[in-house]
Amino acid sequence: MTAVTAEVIDRLSRNTPRVVVVGDAILDVWLSGHCDRICREAPAPVVDVGERALSAGGAANTAVNLAAMGASVRFAGFTGDDDAGRDLRALLARQGVPSGHLVVAPGRRSVSKHRVVADDQVLLRFDEGTGTAHGSGLDERVAFELRRALSGADALVVCDYGTGLLGPAVRDVLARARENVPLLVVDAHDFRPWREIGPDLVTPNAGEAAGLLGGVPVPAGGRAELFESRRDELLTASGAKAAVVTLDREGALLLCPGEPGYRTWADPVPESRASGAGDTFVAALCLGGAAGLPLTAAVELAQAAAGVVVRKSGTAVCAWPELAATLHREVPLGHDELAEVVARHRESGRTVVFTNGCFDVLHRGHISYLNEAKRQGDVLVVALNSDDSVRRLKGPGRPVNTAQDRAAVLAALSSVDHVTVFDEDTPIGLLRRLRPELYVKGGDYTETMLKEAPVVRSYGGEVRALGYVPEKSTSSVIAKIRAGSVVAQEGE
């Protein structure tokens, strides 16, 4: 597995893939102010607007996020020949997205979405413009621009929101050019029209994924488990090689043929902060894929990028420096700082899950285990054995990776919230200090085998044994690597 560390981000920031985005160009208008009275004419709040902010929305937001993260972007879509269209085209130009492939349609009003916000609370949204392209001939004009834009492209992102803009004419252009498009990502409300073209990646939300499954009821809990159990049906229905189901506050689920689902985790934020986060997610996912990252790393990159924008107001953009700063968090945490952080989590009513181990060469078994550990509560703390501790437990040939490197790789996983290192053979001292609600270990352990169990029970905590993937042990991975090295040397 490739971890999305700050070093990987730095390497990606020097990569400039040529990415085409096709879809609806929307102008987002944010009217923000203060509200402390009710209108006399009706029971409606009166907002004293102090700020008017414009941002790119819809497919245009995907385009500007790609540009902010270093891609060379071509955007095919349309705007009206009106003030909103001129504002949007100027905004795109300032953010590095040229308008050479945007169709300007006289007589049509550009789509704009206005949100009225009072004290960080969205009170009202009203939309303007012609939101459908059915029967207008615009799809043929956009198809023509898409054909021009695709020359030499490394990737294409299709943003299909069901307005009719991406109809048969656009799909015909893409079908003819498909073999020359190295990466096709489709973000749509309905993925079935794109099935025959064979996307590399589709990005349905939970509702859209349920639609692909024939409208199956989606439980409030266990959404990821449902979609993972019906992975093959989802991929067949969409015609995609892989799917990333976005689950809002629950992160995302990567589904690939013949492989277990891969989860990412999101930090919960108010809905008012989530506007446009999906566009950012898709942009970063495409960028990681275009750069040749494994899909597990690309989806972690996308989750981190979405985490940047949900901390901002309005429809926001994630740039490389922000993403690098997010991923370059301090690791490992010292015990004093970790104790303070855990105390704050507990005061907020969050359940702290604690696990420990060497995690020397991270593999799929580790990932599955950490995802299962995360699902047990709200916050996952991983305590790493120090290098000296690993040598005492595993022998003089271990660890393969230093504690600093092991901590950096673990911290790059969205399932892991905090990483620390301990020097003893067991984390008993750390458990006594942190007093986590849950202490979890892999299924190759039983509670009677754990010296830590009585300590956890003594303060009212719970010990749980989780799943185990025996064929994916670290020792077997290292043995294969060393055997391969010997074979290579003999063949020289």
Hey, any idea what % of region 56-147's accessible area is carbon plus sulfur with a 1.4 Å probe? 49
How many nm separate the modelled label positions at ILE428 and ASP83, each set 7 Å beyond the Cα in the direction of the Cβ? 7.4
Between ILE38 and GLU196, the two model label points (7 Å from Cα along the beta-carbon direction) sit apart by a distance in nm of 5.7
Please report, as a whole percent, how much of the solvent-accessible surface of region 335-478 comes from carbon and sulfur atoms (probe radius 1.4 Å). 47
Relative contact order of the chain: what whole-number percent is it, with Cα pairs under 8 angstrom and at least 6 residues apart? 13
Would you tally the net charge around ALA84, using a Cβ to Cβ cut-off of less than 12 Å, leaving ALA84 out, and scoring K and R as +1, D and E as -1? -2
Return one whole number: the accessible area per residue of the chain in Å², for a 1.4 Å probe. 44
Given R₀ = 41 Å, what would the calculated FRET efficiency be for SER313 paired with LYS241, taking r from the Cβ atoms and rounding to 0.05? 0.65
Quarter of the surface of the C-alpha convex hull for the chain, i.e. direction-averaged projected area in nm², equals 27.7
Roughly what would the spin-label model give for GLU233 and ARG125, points 7 Å off Cα along C-beta, in nm? 3.0
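The values are calculated or read from the model by the stated rules, or taken from the named source; none is laboratory data. Not measured: the values here are computed from a predicted model. Reconstructed Cβ throughout: ideal geometry from the backbone, glycine too, with neighbour counts over all protein chains shown. The accessibility values were calculated without ligands, DNA or RNA, using every heavy atom of the protein model including side chains. Shrake-Rupley method; radii C 1.70, N 1.55, O 1.52, S 1.80 Å.
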